[in-house]
Amino acid sequence: MKNVGFAPLVLVVVFLASGCTTGLLYTHTFQPLTLDMHRTPVAQAEKEGNIKMISFPRFGGEYRLVAWDSAAIGDVAKKQGMQEVYYADVETFSILSIWNEYTIHVYGK
C-alpha cells in the first residue's frame, strides 16, 4: 500500500509533461494552419516544403522570432517547384514554453 501515494504524483507528472496537448514541460503538436478546407482537393500532395522558425526569450521578457530564409508560403512553393498549394500544417515543439520551434509544412503539386 506504499505505492498508493506515488500514483497521484505520477499522474501529475504525466499531465505536466504531456506532448499530446499543451503540456507545461513539453509540447509537440501538428495542426492545420487554417481550418477553412472548403476548396482543398482530396488528393495526395506530390511535393512538400517547410519553413522553420524558433522563438526564445530576450532580456526584458519579450520573445524573439528567428526564421531561416523566407517565411512566405509562396516562396517555399516556388523553391519546391509547386504550381499549386493544397494546404499547410504547423508543427509546434516547445520545452518549458521557453524554447518554441515552429515548422510550417506546405503541401501541393
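Annotations
- Any chance Tyr102 is modelled with pLDDT under 85 and surrounded by 11 or more Cβ atoms within 10 Å (Cβ to Cβ): no
- With respect to (1) exposed (fewer than 15 other Cβ atoms within 10 Å of the Cβ); (2) at pLDDT below 85, the lone exception for Ala45 is condition (1).
- Test: Lys78 is more than 18 Å from Phe30 (Cβ to Cβ) and without any contact (Cβ under 8 Å) to a residue 12 or more places away in the chain: yes
- The range 23-40 - residue that is surrounded by 12 or more Cβ atoms within 10 Å (Cβ to Cβ) and out of contact with any helix residue (DSSP H, G or I) (no Cβ under 8 Å at 6 or more places or on another chain) and, of those, modelled with the lowest pLDDT: Thr40
- Condition met for Ala17 (of a type in the set (A, V, I, L, M, F, W, C), touching a Leu at 6+ places or on another chain (Cβ under 8 Å) and modelled with pLDDT of 85 or more): no
The values are calculated or read from the model by the stated rules, or taken from the named source; none is laboratory data. Keep in mind the model is a prediction, meaning the values are calculated, not measured. Virtual Cβ from ideal backbone geometry, glycine too; neighbours counted across all protein chains shown.
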